[in-house]
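Before any comments, here is the structure.
The values are calculated or read from the model by the stated rules, or taken from the named source; none is laboratory data. Quantities reported herein were computed from a predicted structural model and do not represent experimental measurements. Counting neighbours? That spans all protein chains shown, and the Cβs are built from the backbone with ideal geometry, glycine included. The accessibility values were calculated without ligands, DNA or RNA, using every heavy atom of the protein model including side chains. Shrake-Rupley method; radii C 1.70, N 1.55, O 1.52, S 1.80 Å.
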Amino acid sequence: MDSNLHIAQQIKEQARQLGFDLVGITQTAPSQRSDYFRQWLDNNQQGSMRWMQERFAERTDPRVYMPAAKSIICVGMNYYVPLNQETRREDQGRIARYALGDDYHELIKSRLHTLADWMRNRWPGTETRACVDTAPLLEKDLAARAGLGWIGKHTCVINETIGSWFFLGEVLTSLELPPDAPATDHCGTCTRCIDACPTQAITAPYQLDARRCISYLTIEHRDEIDPSLQGQIGDWLYGCDICEDVCPHNRDPAHSSEPAFASRFGGAHLTPNQVLNWTSDEYRATLRNSAMKRVKLPILQRNAKIVLSNSNGS
């Protein structure tokens, strides 16, 4: 009969064969960041993302989300695709790197389901639950506990080898597997992400006020954006990569081997005027199977007007 260690090794190898670049295992203990998360919510730093207040017990204790779970397999998939930023014209708006290709939710969850199916077939009676970032879990905390990387001062997970350009996913399982050692923090005295944020959204090391974050403002925030922040948005049409771009651990990142993450736009940009002139059909056709469809056309056009205004210096 397979030992728990041997089972863990087989699962990790299978995950790598499915295209996951990072694999680690952690136990289903409650999060040690629960108090911080509760205070963050109480301070309304989630902004209009009210769904984050729901299912608090599940988010902070995986055993509430899946009572039968004893272990969590955490995976990471590199999405870094090199782009020639020098080709960008001044009138073009930038798009966060993670949203340039196909929607990662479907791709990753499909492969997680394949991994979970394989586990149940290999060890009958095993229970599993596959999750991406739509599940009520503190997945960055789980990834750090499983050794995939540490949560950096910008609150993204950083891996010492491939940097921070990777998606996360999890399979909760009833198998009791040996956990990996948590990742060690290597941010040191560096404050580049804090210093580079145009809106001062990183209020202190490891603390982010989403209400000021350009990614939040251009994606999750559905109302008009505070005029005092519009100028700081610069040319970001959808999301923002500034804190990751300046991180020393992303200086020479490994390139993704996943074709689905290649840019559908031929670069990292869209022209604001193009977006402003889109019909509903053009919007749907251009962003079919894209994570960018989280933002409906009127909000994307709101962003385009801000980018256009900033590029005109008005």
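Observations, loosely collected:
- For D235, the stated conditions do not hold, so it cannot be described as acidic (D, E), open to solvent by less than 30 Å² (accessible area, probe 1.4 Å) and in contact with a Phe, Trp or Tyr (Cβ under 9 Å, 6 or more places away or on another chain).
- Residues (part of a loop (DSSP other than H, G, I, E, B), of a type outside the set (D, E) and within 18 Å of Y80 (Cα to Cα)) located in region 228-241: G239, C240
- Here region 173-227 is the region considered, the condition is being part of a loop (DSSP other than H, G, I, E, B) and among the polar types (S, T, N, Q), and the residue that is least open to solvent (accessible area, probe 1.4 Å) is T199.
- The numbered conditions (1) part of a helix (DSSP H, G or I); (2) open to solvent by 30 Å² or more (accessible area, probe 1.4 Å); (3) more than 30 Å from C187 (Cα to Cα); (4) free of Cβ contacts under 8 Å to residues at least 60 places away in the same chain are all true for N273 except (4).
- Taking the criterion of being open to solvent by 60 Å² or more (accessible area, probe 1.4 Å) and at pLDDT 95 or above, the residues of region 285-314 that qualify are K296, P298, K305.
- Hits in region 22-42 (condition: closer than 30 Å to R222 by Cβ and open to solvent by less than 70 Å² (accessible area, probe 1.4 Å)): S31, S34, F37, W40, L41
- Within region 44-59, the set of residues being farther than 25 Å from K12 by Cα and touching a residue at least 24 places away in the same chain (Cβ under 8 Å) comprises N44, Q45, Q46, G47, S48, M49, E54, R55, E58.
- Any hit, region 153-166, residues being free of Cβ contacts under 8 Å to residues at least 60 places away in the same chain, closer than 24 Å to Q53 by Cβ and surrounded by fewer than 20 Cβ atoms within 10 Å (Cβ to Cβ): yes
- Residue match in region 110-122 (condition: hydrophobic (A, V, I, L, M, F, W, C) and assigned to a strand (DSSP E or B)): no
- Cβ-Cβ under 6 Å pairs, at least 6 apart or on other chains, region 132-147 side under 16 Å from A57 (Cα atoms) and of a type outside the set (D, E, K, R), far side at pLDDT below 95 and open to solvent by 40 Å² or more (accessible area, probe 1.4 Å): P136/R55
- A single entry from T134, T114, T126 fulfils the requirement of being of a type in the set (S, T, Y) and modelled with pLDDT under 95: T134.
- For first residues located in region 278-289 and within 18 Å of D103 (Cα to Cα) and part of a helix (DSSP H, G or I), partners that are open to solvent by less than 60 Å² (accessible area, probe 1.4 Å) and not acidic (D, E) and lie 6+ apart or on another chain with Cβ distances below 6 Å form the pairs Y283/L297.
- Flag for G76 being surrounded by 13 or more Cβ atoms within 10 Å (Cβ to Cβ), closer than 30 Å to L270 by Cβ and touching a Lys or Arg at 6+ places or on another chain (Cβ under 6 Å): no
- Looking only at residues in region 238-270 that are surrounded by 15 or more Cβ atoms within 10 Å (Cβ to Cβ) and hydroxyl-bearing (S, T, Y), the one that is farthest from I95 (Cα to Cα) is S256.
- Flag for R63 being modelled with pLDDT of 85 or more, open to solvent by 60 Å² or more (accessible area, probe 1.4 Å), charged (D, E, K, R) and closer than 22 Å to L175 by Cβ: yes
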